[in-house]
Structure formats: structure tokens, C-alpha cells
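See below for the structure under consideration.
Taken together, the values in this text are just the output of simple stated rules run on the coordinates, not laboratory data. Keep in mind it's a predicted model, so treat the numbers as computed, not measured.
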Amino acid sequence: MKATGICFALFHIQAIQCFTSSPAGCRHRHSRTRHTYSSSLILRDETKITELKCQLLGMNCATPTDFTFSWTGFSKRGGETDVHCHGWGIIFYEGRGIRAFHDSSPASSSPIAELVSRYPMRTLNMMAHIRYATQGEVCLENVHPFHREMWGIQWTFCHNGDVPLFKGTRDKKLPWLGSGGGEGERIYNPVGDTDSERMFCSILNALKVKFSTLPSLPVLHEYLRELLQEIVDHDQDGTILNCLLGCGQYIQFAYSWPGSRPGSNVWNGLHYVVREPPFKRAVLCDCDYEVDFSQLAGDDSRVAVITTKPLTLNEEWVEFERGQLILFDEGLPHLLPEDSLVSELSGHGLCSSCHPSSHPVARLEEDVRRFENKRSLLTFTGDGI
């Protein structure tokens, strides 16, 4: 596939394992006309301004799962069915490590994106981003997702929207988030010029100062929600903040403060769908391709897919509520901090050999006492979450 203006791509590879089996339940639908959402979203002239600044894709799974189906449709929006042609990136976890692929050329024509599509690498947790540049040059350092190590854990992040609090250049001091104790050391700083990376670094700086020991997932969930609300409160009307945050191989947070760009009635938010038994057929919106997951997925499989705009025609996608932060684990959405104790008790909480932590039982007992008025620990079965 020919592509023009391709910049050198950054490969951050910490483990090598490719799965090349061809899924029997997949087929192209050459006989039908390609579906599009509306003419306002399908813009092939790059001189026009897309009404969605960037688009996000996240997957969180109960068992190791390849992401080629969702990625096939999502990558088409990077220059073919939409104008998000200013770079793309994808990060997925393998154990404690990550693989990261970034390219500043359009995803729809990038040979690297085609490589990712052809090799169904399996993961429990991944995120991807296609960019339409509104702040920062079109170059590799401004391509999402971003990643940093903190507490011996790989943290990953991608975002779309506008965040007035973090507008500025690299030489401008990062805003400090979090209350109590005053400002701490700004250990994490942006490499590129986007408000997204500045926000990511500020969140990590706030977490590092807040917690001297690893927080449990309910405590982390609660504090992240406070930090995100602080960012939004700086300018509620001008802020559009949709983001994904990964903190290890199991857990992915997703947050949405949706909105519309000035002069546009197109809503910019987040949606998710959970695929679980009994599995059904799924039909992509952006290309003539469908999969019968009943032929591919086992009874123990479950996948949550989070994206800016629904990727499929025939599934029921749930739109995030305004200001909602959801923790995803094993393909299940945990809507409230107290719901996250399910994941903590299953061993999916933060874990590090190089950062001090309180005794797990004592820590959980303390957190249970904090949240016991909201939900009894005995009800933590995961049903109905």
C-alpha cells in the first residue's frame, strides 16, 4: 500500500509474539454499500475541519483477545472515512510490558497500521488514537497514546477534546492538580506540544504526591474522579474531555465530559459496548466487513470496546454520562469507586515490586470500612455491574 509523507515510526517493543491464524468467522461484505454515519462526519477534503478533533479506541478483555476487527474499522477513520489523518498510535499490554506503535502518517494508508491489522496480537488491555491536529505540529512526539512508568507500572493515556487549563507551550509551567499539601515536584513533563500530554503528566504528578503507598482501586477511582472534575471546573463550558487511562495489564479507566465544538451540533463523547455470551454477528460501519463472534469466542470470553463513535451497525452502544468515570476490568464496566473492590479482591489492583505498599489485607479492610456505607463487601460478586 502506497503512502506519502511517512515519517519514521517509533517502535517501543518490550515483547515479541505474533498470532497469525485466520479467523473463520470473518468475511468481507462486497455485495453491500459501505455505510457512513452522515455527510457531516465523512469528510474527504483535508481542507475542511472535522467536527471531532480526534477519536479514541479502547479494549478491555477477560481473556487475551486480538483487536483486529475493531482496529480494521477504526483505522479507516484515519484519513479514509474521516479526516483524522495527522497520525495514529496504539498501545497494548503484555504482562507488565507494553508494545507501542506510533506513526505521524494517516492510519488508513500507513504500512505500519497495515502490519498491526495483519497480525492479531492478543492482549487484555489496549488503547488507540487517531489524530486531527488542533494543537501542536504534525510530528511523532505529538501522537497519542502517551506512556510513562510510575511506581514500576506502565501508565498509558490518550485524549480528545479541548482542555483550556492545559493550553500552552512546553516552556509554560505545568498546572498543579490536587488539593492539600501544596505543590510537589513536577517529575513528569511533556515531550510534545499537546494539551493532552500536559494533562497526562499533571495527573501522574498529582497521583505520585498524593499516595506514598499504592492505592487500592476504589481509592484510585475516587481520586481520579476528583482530579478530572478539577480540570473540568476550570472552564466547564469550554472543556471537552474524553480520555482513556491504563494502569497495568488489567485495568483501564475511561472518562467523558462531552461537548460540541463552537458552531457544530455534532456531539463529542464516548460510547462502549460489552461483547459476551451468547455472542452474535457484528457489522462494521466504516468498511464492508463483519464477524460472527459465536464462531470465534469461547464461553469465558468477554470484551468491552470503548470508542468515540460506535464502530458497528448492529450492536447496542451505551453513551457515557456527563462527568462519568468508569473502570473496566475483565471486560466489565465498574461505574462507582466501591464497585472496583471486585477487581481489587481478584488480584487486579496496582502491583509493584519497587514501590512500598501497605499490607494488602489491612489496606482492603481500611477501604471496605470507608466504602461500607455505599455497598457491602458481601455483595461484590460482579453481577449486574
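What the table below lists for this structure:
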item	result
Translational diffusion coefficient (Stokes-Einstein; Kirkwood radius from C-alpha pairs) of the range 254-310 at 37 °C, 0.692 mPa s, in µm²/s	242 µm²/s
Relative intensity, log₁₀ I(q)/I(0), of the range 270-338 from a Debye sum that treats every alpha carbon as a point, q = 0.13, 0.17, 0.18, 0.19 Å⁻¹	-0.41, -0.67, -0.74, -0.81
Equivalent ellipsoid semi-axes - Cα gyration tensor, the range 214-265, angstrom	26, 13, 6
5 angstrom amide H check on H334, placed H, neighbours 5+ away	L327, F328, D329
For S301, distant residues with modelled amide H under 5 Å away	none
For L124, residues with placed amide H under 5 Å, excluding near neighbours	T65, Y93
